[in-house]
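Read-outs: derived from the displayed coordinates by stated rules, not from any lab. Values in this document were obtained by computation on a predicted structure and should not be read as measured data. All Cβ positions, even for glycine, are placed from backbone atoms using ideal geometry, and neighbour counts span all protein chains on display.
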Amino acid sequence: MITINFIAAPADNSWANSTFDCKTGQTLMQAATAHNVKGIEADCGGLMTCGTCHVFVREPHASQLPPPSSDELAMLDFTATPRQPNSRLSCQITLTPALDGLTVDLPASQH
Ligand code: FES
């Protein structure tokens, strides 16, 4: 188990920041949906066709992740909240022990 921190968008007063113990081997999107994290919609279930699992990954972990594939980069062009340099699709991040303490900011909107 590793600890993941989800930070609510500043304008979102309906949900507080949360920290969960998550299983390694699953994707960040799977961990988020398993814990009903508000702000991760994951409409396509991880097929990389919806962009509704968009997150902003904080350092030091952002630079430790494998780089996004060309397909992930293309999908990030269609996210509801404009992408930033640390934008990733959470369905493409596999949780490993090295990601213990990972903190991600949730976008203001996924639709
Ligand atoms: S769950 Fe649809 S792109 Fe990640």
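Here is the size of the chain from its Cα atoms: Rg then Dmax, 12.5, 34 Å. By the beta-carbon count within 10 Å of each Cβ, the least crowded to most crowded order of Thr19, Thr103, fewest first, is Thr19, Thr103.
Where the convex hull is taken over the Cα atoms of segment 16-72, what is its projected area averaged over directions, in nm²?
Values: hull surface 18.2 nm².
With every direction weighted equally, the projected area is 4.5 nm².
Qualifying chymotrypsin sites (Phe, Trp or Tyr not before Pro) in segment 1-110, where qualification requires a DSSP coil assignment and no more than 14 other C-beta atoms within 10 Å, comprise Trp15, Phe78. Loop-located trypsin sites (Lys or Arg not before Pro) in segment 44-111 (DSSP state not H, G, I, E or B) with no more than 15 neighbouring Cβ atoms inside 10 Å: Arg58.
What translational diffusion coefficient, in µm²/s and rounded to a whole number, does the Stokes-Einstein relation yield for segment 1-47 at 4 °C and a viscosity of 1.567 mPa s, taking the hydrodynamic radius as the Kirkwood radius over Cα pairs?
On the way: Rh = 11.4 Å.
This corresponds to a translational diffusion coefficient of 114 µm²/s.
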